[in-house]
Amino acid sequence: MKNNRTRKLTTVGMLCASAYVAVAVGRVPVVLFLKYDPKDVVIVIGGLIFGPFTSLVMAVIVSVMEMITISSTGVWGCMMNMVSSCSFACTAAFLYKGHRTRSGAVAALACGWGCQAAVMMFWNWLVAPIYMGYPREAVEALLLTAFLPFNLLKGGLNAGITFLIYKPVCGIIRH
């Protein structure tokens, strides 16, 4: 039993480190100040293997490390990263837990994608004026023209990449 916990802790630590590296070297500017990074792929893989709580823990750890080391958005950006990652990864991991099949994975990832897009529309409306220093009206003008397309692209890439690499990565981790 203790060996399993040690193995899980070690694996989650390696996944957190991998997600951090994905943020540090994988950032791609998309629109305005919004950048895509593939960290959520690693976070959701951790959740698909170990459950939604693992996705939550990984999202918090990686977001805090990002805030401390490479991000310029401070606490607000950290909070937005946590909400974004959790809405995608925790949703997908929770739904996949009950349906561990290929079609279950597709449905779980699609729901995580949709949840992330919807949640981030609200959070961008709510928080972006505070941390960007823009009037709410300016942020509202960006919701459908910048934030929604960005979040749909980000979630779609994360879901697609996860679907393609989950089985091989899971096989590597389990052996």
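The values are calculated or read from the model by the stated rules, or taken from the named source; none is laboratory data. The structure presented is a predicted model; accordingly, all values stated were derived computationally and were not measured. A quick note on method: Cβ atoms are made from the backbone with ideal geometry, for glycine too, and the neighbour counts reach across all protein chains shown. When the accessible area is computed, the model is the full protein with side chains, heavy atoms only, and any ligands, DNA or RNA have been set aside. Shrake-Rupley method; radii C 1.70, N 1.55, O 1.52, S 1.80 Å.
Side notes on the structure shown:
- Within the set THR54, THR101, the sole residue that is among the β-branched types (Val, Ile, Thr), open to solvent by 50 Å² or more (accessible area, probe 1.4 Å) and out of contact with any Cys (no Cβ under 7 Å at 6 or more places or on another chain) turns out to be THR101.
- Test: residue in the stretch 64-75 that is within 15 Å of LEU34 (Cα to Cα) and in contact with a Pro (Cβ under 9 Å, 6 or more places away or on another chain): no
- Looking across the stretch 127-145 at every residue that is out of contact with any helix residue (DSSP H, G or I) (no Cβ under 9 Å at 6 or more places or on another chain) and open to solvent by less than 80 Å² (accessible area, probe 1.4 Å), the one that is modelled with the highest pLDDT is identified as ALA141.
- Close pairs from the stretch 63-84: first of a type in the set (Ser, Thr, Tyr), partner assigned to a helix (DSSP H, G or I) and open to solvent by 30 Å² or more (accessible area, probe 1.4 Å), Cβ under 6 Å, at least 6 apart: SER63/ASN81; SER63/MET82
- The residues on offer are VAL62, VAL106, VAL119, and the sole one that is within 22 Å of ALA24 (Cα to Cα) and either within 13 Å of the chain's Cα centre (by Cα) or open to solvent by 70 Å² or more (accessible area, probe 1.4 Å) (or both) is VAL62.
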